[in-house]
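Take a look at the structure set out below.
The values are calculated or read from the model by the stated rules, or taken from the named source; none is laboratory data. Quick caveat, the model's predicted, so the values are computed rather than measured. Because the Cβ atoms are built from the backbone with ideal geometry, glycine has one as well, and the counts that use them run over all protein chains shown. Keep in mind that these areas ignore ligands, DNA and RNA; they rest on the heavy atoms of the full protein, side chains included. Shrake-Rupley method; radii C 1.70, N 1.55, O 1.52, S 1.80 Å.
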Amino acid sequence: MKIQILTPTPAELDRLLAIWLQGNLDAHPFIPASYWQGMAPTVATQLPQATLYVARNDSGILGFAGLQGTDIAGIFVARDSRDQRVGHALMTRLQADYDQLSLSVYTANARASRFYRQHGFQAQPAVVDPETQQLDQCMTWTRA
């Protein structure tokens with residue numbers, strides 16, 4: 001698997017957006033699907049402005065991480081590539097390239113919270129996200 005920083009072509013942008021949408025629908029069953037579907041146009045305009053780390057193999061894009069500065073907007077892995085350490089590879093690369101990182105995760109997304117804790121992230125007290133009414137937790141990581 002190769003990880004590269006990418007400025008997406010329109011076709012790659014479509015693939016990243018599809019991975020983003022499916023990832024959110026799968027990871028957040030506690031939020032109506034219409035919320036994520038409604039956010040897709042905004043995300044489509046934000047993706048080209050983010051720093052994108054893309055994991056790929058000969059078959060294509062497996063997943064990606066999007067950053068705004070040192071804030072991880074998300075790590076998303078294609079459904080058929082999950083549980084194959086793609087997310088781990090992306091996080092390992094981010095932690096090699098940055099001295100500190102932060103992100104937000106819904107507390108109801110136990111799998112993501114566990115993943116970030118396994119990578120050394122520390123959780124801050126949760127607050128209610130006014131858009132979704134879900135508990136949202138900031139997590140931070142600093143190189144030791």
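Among the trypsin sites (Lys or Arg not before Pro) in the range 1-100, which ones are in a DSSP loop with at most 11 other Cβ atoms within 10 Å of the Cβ? Mind listing them? Could you put the intermediate results ahead of the total?
Numbers: sites: Lys2, Arg15, Arg56, Arg79, Arg82, Arg85, Arg93; in loops: Arg82, Arg85.
Listed in order of number, the matching sites amount to none.
For the chain, averaging the sequence separation of C-alpha pairs within contact (under 8 Å, six or more residues apart) and dividing by the residue count gives a relative contact order of 20 percent.
Take the chain with all the other protein chains still there, run a 1.4 Å probe, and you get 54 Å² of accessible area per residue.
Contact order for the range 1-67, expressed relative to its length and based on alpha carbon pairs under 8 Å spaced 6+ residues apart, stands at 45 percent.
Among 61-71, 100-110, 42-52, the peptide with the highest mean count of other Cβ atoms within 10 Å heads the list, and the full ranking is 61-71, 100-110, 42-52.
Site pair Gln122 and Gln68 shows an inter-label distance of 2.5 nm when each label is modelled 7 Å from Cα along Cα→Cβ.
Taking the Cβ of Gly69 as the centre, find all other residues whose Cβ is under 14 Å away and add up their charges (Lys, Arg: +1; Asp, Glu: -1).
Numbers: positive: none; negative: Asp71, Asp97, Asp99.
Computed value for this residue: -3.
Using a Gaussian network model of the chain with C-alpha springs under 10 Å, which one of Asp99, Asp58, Asp14 is most mobile by mean-square fluctuation? Of the options given, Asp58 has the highest mean-square fluctuation.
May I ask for the net charge around Asp83, where only other residues with Cβ less than 13 Å from the Cβ of Asp83 are counted and Lys, Arg are +1 while Asp, Glu are -1?
Details: positive: Arg79, Arg82, Arg85, Arg111; negative: Asp26, Asp80.
Neighbourhood net charge equals +2.
Per-residue surface analysis assigns Ile3 an accessible area of about 40 Å², computed on protein heavy atoms at 1.4 Å probe radius. Ranking Phe76, Phe121 from most to least accessible surface, computed with a 1.4 Å probe over the protein chains only, gives Phe76, Phe121.
Expressed as a whole percentage, what fraction of the accessible surface of the chain belongs to carbon and sulfur atoms when a 1.4 Å probe is rolled over the protein heavy atoms?
Numbers: 3960 of 7790 Å².
Exposed carbon and sulfur together represent 51 percent of the surface.
Report, in whole Å, the centroid distance computed from the Cα atoms of the range 69-144 and the range 22-51. First find each Cα centre; the distance between them is then 16 Å. Taking a Cβ cut-off of under 10 Å around Leu101, the surrounding Lys, Arg, Asp and Glu residues balance to a net charge of -2, with basic ones at +1 and acidic ones at -1. Annotation: for a label point projected 7 angstrom from Cα along Cα→Cβ of Gln46, residues of the range 78-120 with backbone N closer than 19 Å are 78, 101-109, 112-113. Accessible surface ranking for Val86, Val127, 1.4 angstrom probe, highest first: Val127, Val86.
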